[in-house]
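Notes follow once the structure below has been shown.
The values are calculated or read from the model by the stated rules, or taken from the named source; none is laboratory data. It should be emphasised that the depicted structure is a prediction, and the values quoted were computed from it without experimental measurement. Neighbour counts are summed over all protein chains in view; Cβ atoms, including those assigned to glycine, are modelled from backbone coordinates with ideal geometry.
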Amino acid sequence: MSMTVRRLSRAAAAGLVAAAALTAAAHSAEAADTLGSAAAGQGRYFGTAVAASHLGEADYAATLDREFSSVTPENEMKWDATEPSRGTFTFGSADRIVDHAQGQGMNVRGHTLVWHSQLPSWVGSLGAADLRTAMNDHIKGLMGHYKGEIHSWDVVNEAFQDGGSGARRSSPFQDKLGDGFIEEAFRTARAADPAAKLCYNDYNTDGVNAKSNAVYAMVKDFKSRGVPIDCVGFQSHFNSNSPVPADYRQNLQRFADLGVDVQITELDIEGSGSAQAADYTKVVEACLAVSRCTGLTVWGVTDKYSWRSSGTPLLFDGNYQEKPAYDAVLSALGGSGGPGEPGEPGTAACTATYTRTADWNSGYNGQVTITAGGEPISSWTATVTLPAQQSVSSLWNGTPTWNGNVMTVRPSWNGTLAAGASTSFGFTVAKNGSDAVPAVGTCTAS
Ligand code: G3I
């Protein structure tokens with residue numbers, strides 16, 4: 001059987017990786033008035049699922065290019081799209097997305113290598129030995145084509161079933177190869193592109209429950225035996241039947257504590273207005289509170305192309321207008337667009353920026369500078385989220401209150417600021433083994 005995949009990866013052929021990295025650096029240096037730049041200010045990416053068929057639509061491409069720093073092909077890298085018949089790889093639509101993303105300096109998440117859905121029928125009819133070979137060839141073919149170009153791959157997607165059992169889901173892979181198919185897929189993936197982060201991705205694992213416990217046990221086992229896994233994706237498709245769990249942050253943190261990154265991979269939240277905005281805020285704040293939560297991806301640019309065809313779960317409406325959920329996400333990321341923009345007349349506003357002013361083996365000093373916008377302010381509030389292990393031993397020029405590892409700081413004597421004027425508060429942190437950077441959230445003023 002002949003493989004039509006090019007043996008030379010696209011990146012090696014075109015020398016694109018270095019160029020993309022340079023553009024990415026320029027991207028993150030922009031003012032924090034878009035989702036991508038605000039997230040970059042927090043050391044995270046902010047991505048979206050993208051459909052190749054919409055890239056030619058001017059408003060779609062303009063919104064994508066302006067706001068997002070990462071893309072996930074919504075369907076174009078799935079098995080039915082990339083290997084419709086055995087050994088014949090078709091990369092046209094996926095290449096269009098990757099090329100577009102690289103032109104904009106965006107990361108690409110690869111979605112997905114081994115999944116029970118969107119499988120061409122030939123896969124299901126193979127016997128066990130042949131299926132194992134086909135699975136590994138598929139991983140090698142796809143990852144080889146994009147070698148060096150993919151930030152993270154969803155190596156295995158949705159391998160656990162819903163409900164209380166924590167059992168594996170029936171699929172050709174599970175039924176014919178048994179539990180070991182997941183481990184084999186990850187080992188094959190590591191060899192195919194050692195630079196890519198390798199993720200397990202699933203839904204209804206966002207809070208602590210039987211399904212997430214089963215995934216947790218698998219990741220813990222993989223880490224203890226040296227099976228290569230770098231990240232866990234939490235899809236985060238929320239609606240009234242499946243709301244943002246109260247223990248979302250706690251669940252992300254327990255996975256991070258196993259020694260993997262966590263990523264919000266397919267976020268969308270049914271609803272509208274302030275209620276939807278508040279739910280989006282919860283998700284962003286949870287990610288920012290977990291130092292190993294490295295980025296968020298929403299599952300589409302605009303409500304009009306959401307997979308929830310009758311819903312409005314995204315950040316831009318069908319006319320590409322920013323929704324309240326957009327403003328909430330930008331604000332939670334510490335961005336400065338929309339209502340309340342600093343410098344906008346008639347609005348009390350402030351920004352908060354963080355610097356590390358001293359550093360030693362066991363600790364460091366951090367400083368947050370508060371700057372008033374275009375109006376004088378009489379008070380301000382800023383949040384600082386400490387990485388889990390770290391603790392604050394002293395704080396000056398501010399008054400802190402604590403909720404878990406989130407420190408909310410208000411003025412002590414320095415609340416009143418003229419338009420454009422600054423003050424700062426400082427704090428000393430015990431690292432307790434973690435040198436991670438705290439996340440500074442929204443500054444609000446009155
Ligand atoms: O492209 C064809 C079109 O030619 C045809 O006329 C039309 C008729 O139904 O179908 C079109 O394909 C559809 C495709 O989306 C592109 O729009 C498929 O039918 C449809 O099944 C497919 O749905 C995708 C779904 O995965 C399939 O399982 C959604 O777009 C995609 O958003 C969704 O994404 C999944 C993630 O991969 C995994 N996690 C859950 C998430 C949401 O379901």
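Being more than 16 Å from the ligand (Cβ to nearest atom) and out of contact with any Phe, Trp or Tyr (no Cβ under 7 Å at 6 or more places or on another chain) is a property that holds for residue 151. What tally of residues in region 226-262 results from selecting those that are closer than 16 Å to residue 387 by Cα and either at pLDDT below 95 or within 16 Å of the ligand (Cβ to nearest atom) (or both)? Adding up the residues that qualify gives 0. Of all residues in region 265-281, those that are touching a residue at least 60 places away in the same chain (Cβ under 8 Å) and of a type in the set (D, E, K, R) have Cβ atoms under 6 Å from Cβ atoms of residues that are within 13 Å of the ligand (Cβ to nearest atom) and assigned to a loop (DSSP other than H, G, I, E, B), 6 or more apart or on another chain, in 266/235; 266/299.
For region 400-416, the candidate set comprises residues that are in a strand (DSSP E or B) and surrounded by 14 or more Cβ atoms within 10 Å (Cβ to Cβ); within that set, the residue that is modelled with the lowest pLDDT is 406. For first residues located in region 194-206 and within 21 Å of residue 147 (Cβ to Cβ), partners that are within 12 Å of the ligand (Cβ to nearest atom) and among the acidic types (Asp, Glu) and lie 6+ apart or on another chain with Cβ distances below 6 Å form the pairs 199/154; 201/154. Only one of the numbered conditions (1) without any contact (Cβ under 8 Å) to a residue 60 or more places away in the chain; (2) more than 15 Å from the ligand (Cβ to nearest atom); (3) hydrophobic (A, V, I, L, M, F, W, C) is violated by residue 288, and that is (1).
Taken as a whole, the condition of being of a type outside the set (Gly, Ala, Ser) and outside any strand (DSSP E or B) applies to residue 389. Of the residues contained in region 333-341, none is found to be assigned to a helix (DSSP H, G or I) and modelled with pLDDT of 95 or more. Of all residues assigned to region 174-196, none qualifies as being within 16 Å of the ligand (Cβ to nearest atom), hydroxyl-bearing (Ser, Thr, Tyr) and touching a strand residue (DSSP E or B) at 6+ places or on another chain (Cβ under 9 Å). The residues of region 111-138 that are under 30 Å from residue 71 (Cβ atoms), more than 16 Å from the ligand (Cβ to nearest atom) and of a type in the set (Gly, Ala, Ser) amount to a single one, 134. Selection of helices (runs of 4 or more DSSP H) fully inside region 119-218 by the criterion of at least 2 residues being crowded, with 17+ Cβ neighbours inside 10 Å returns 128-145, 172-177, 180-192.
Selection within region 283-294: residues that are of a type outside the set (A, V, I, L, M, F, W, C) and in contact with a helix residue (DSSP H, G or I) (Cβ under 7 Å, 6 or more places away or on another chain). The member of this set that is nearest to residue 245 (Cα to Cα) is 285.
Every residue, every condition in (1) assigned to a loop (DSSP other than H, G, I, E, B); (2) more than 16 Å from the ligand (Cβ to nearest atom); (3) touching a residue at least 40 places away in the same chain (Cβ under 8 Å); (4) under 24 Å from residue 436 (Cα atoms), yes or no:
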residue	(1), (2), (3), (4)
33	yes, yes, yes, no
38	no, yes, yes, yes
46	no, yes, yes, yes
59	no, yes, yes, no
75	yes, no, yes, no
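When 357, 442, 383 are screened for being in contact with a Gly (Cβ under 8 Å, 6 or more places away or on another chain) and surrounded by fewer than 19 Cβ atoms within 10 Å (Cβ to Cβ), only 357 passes.
Of everything listed in (1) among the polar types (S, T, N, Q); (2) within 16 Å of the ligand (Cβ to nearest atom); (3) closer than 30 Å to residue 66 by Cβ; (4) surrounded by fewer than 22 Cβ atoms within 10 Å (Cβ to Cβ), the single unmet condition for residue 104 is (2).
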